[in-house]
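Below is one structure; the comments refer to it alone.
The values are calculated or read from the model by the stated rules, or taken from the named source; none is laboratory data. Everything numeric here is computed off the predicted structure, so don't read it as measured data. Neighbour counts are summed over all protein chains in view; Cβ atoms, including those assigned to glycine, are modelled from backbone coordinates with ideal geometry. Side chains are part of the model used for accessible areas, which takes the heavy atoms of the whole protein and leaves out ligands, DNA and RNA. Shrake-Rupley method; radii C 1.70, N 1.55, O 1.52, S 1.80 Å.
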Amino acid sequence: MIDGIETTVDREAVVVTAREPLAVLSSAFARGGLASARAIVNLHVPKNLHQEDSAALLPAFVDRRRIPGPWVGLLTAAWTERAEVAEECLNGLTALAIVTVGLSNRVAAGLTPIGVWAPSTINAIVVVEGAPDPAALVNAVMTVTEVKTSLLAAADLRCADGHVASGTSTDATVVAATGRGSRQRFGGPISDLGWIVARAARAALGAGIQRWIGEHP
């Protein structure tokens, strides 16, 4: 595991906390974008949650759990206690992936019609022991997305209209970095950083996808 990083997985949430602030790039529901954070929270919510009822849930949970701030928050209807965790190391770099997977609302990006808001389903959090540039964080988010889509295609998971799924309707991705170690300019799959991010994400997402398929024959 990465020094100074703690991960808690239970029925309420996945919570990643850091001793020192992390550089975070995400599509998170709360405080997404480029940010500094001591914690990343992936909170389980009901599938029928309305968007107007969601804003207060994360702050209330963070306060109750006394999670250190600043924090980045995600919502998911997938079962958080079934989160998959994987780690990969290479040349002094480490990537830790923690993902929740539910596949009931599969979509093919650019083909599936726009739908109503819903809590995120495939939420991927990757923490890196390294010092990536902001552009490398963007590249790493792209790499996680490529891994997810390739796994869904390999499993031949399809949308209701028959198209091969590229994801679900409201997936979210977080890539966070400790800032320790050598500078990393790139986060694509042929770089050291991108390779470990891809490997960790592939192991965790692959396990989550196969678990969901096994539970939904």
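Is it true that some residue in region 152-160 is closer than 26 Å to G73 by Cβ, in contact (Cβ under 8 Å) with a residue 24 or more places away in the chain and either in contact with a helix residue (DSSP H, G or I) (Cβ under 6 Å, 6 or more places away or on another chain) or among the basic types (K, R) (or both)?
Narrowing region 152-160 to residues closer than 26 Å to G73 by Cβ: 152.
Pick out the ones that are also in contact (Cβ under 8 Å) with a residue 24 or more places away in the chain and you get 152.
Filter again for either in contact with a helix residue (DSSP H, G or I) (Cβ under 6 Å, 6 or more places away or on another chain) or among the basic types (K, R) (or both), leaving none.
No; the residues of region 152-160 include none that is closer than 26 Å to G73 by Cβ, in contact (Cβ under 8 Å) with a residue 24 or more places away in the chain and either in contact with a helix residue (DSSP H, G or I) (Cβ under 6 Å, 6 or more places away or on another chain) or among the basic types (K, R) (or both).
Any residue in region 43-54 that is touching a strand residue (DSSP E or B) at 6+ places or on another chain (Cβ under 8 Å) and either part of a strand (DSSP E or B) or acidic (D, E) (or both)? Talk me through it step by step, then tell me what you get.
As a first pass, look at region 43-54 and keep what is touching a strand residue (DSSP E or B) at 6+ places or on another chain (Cβ under 8 Å): 43-45, 49, 54.
Remaining after also requiring either part of a strand (DSSP E or B) or acidic (D, E) (or both): 43-44.
Yes, the conditions are met somewhere in region 43-54.
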Quiz item: Considering region 95-147 alone, what residues qualify as being under 29 Å from D161 (Cα atoms), more than 16 Å from the chain's Cα centre (by Cα) and open to solvent by less than 20 Å² (accessible area, probe 1.4 Å)?
Solution: A108
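Which is touching a strand residue (DSSP E or B) at 6+ places or on another chain (Cβ under 7 Å), among the β-branched types (V, I, T) and either free of Cβ contacts under 8 Å to residues at least 60 places away in the same chain or open to solvent by less than 20 Å² (accessible area, probe 1.4 Å) (or both), of V85, V72? Before the answer, list the steps.
Numbers: V85 fails: either free of Cβ contacts under 8 Å to residues at least 60 places away in the same chain or open to solvent by less than 20 Å² (accessible area, probe 1.4 Å) (or both).
Sole residue among the options that is touching a strand residue (DSSP E or B) at 6+ places or on another chain (Cβ under 7 Å), among the β-branched types (V, I, T) and either free of Cβ contacts under 8 Å to residues at least 60 places away in the same chain or open to solvent by less than 20 Å² (accessible area, probe 1.4 Å) (or both): V72.
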Exercise. Can you confirm whether region 154-173 contains a residue that is more than 24 Å from I5 (Cβ to Cβ), open to solvent by less than 40 Å² (accessible area, probe 1.4 Å), among the polar types (S, T, N, Q) and not in a loop (DSSP other than H, G, I, E, B)?
Key: yes
Quiz item: Mind checking whether some residue in region 179-193 is surrounded by fewer than 22 Cβ atoms within 10 Å (Cβ to Cβ), aliphatic (A, V, I, L, M) and in contact (Cβ under 8 Å) with a residue 24 or more places away in the chain?
Solution: no
Quiz item: Quick check: is even one residue across region 196-208 part of a strand (DSSP E or B), over 14 Å from E88 (Cβ atoms), open to solvent by less than 30 Å² (accessible area, probe 1.4 Å) and touching a strand residue (DSSP E or B) at 6+ places or on another chain (Cβ under 8 Å)?
Solution: no
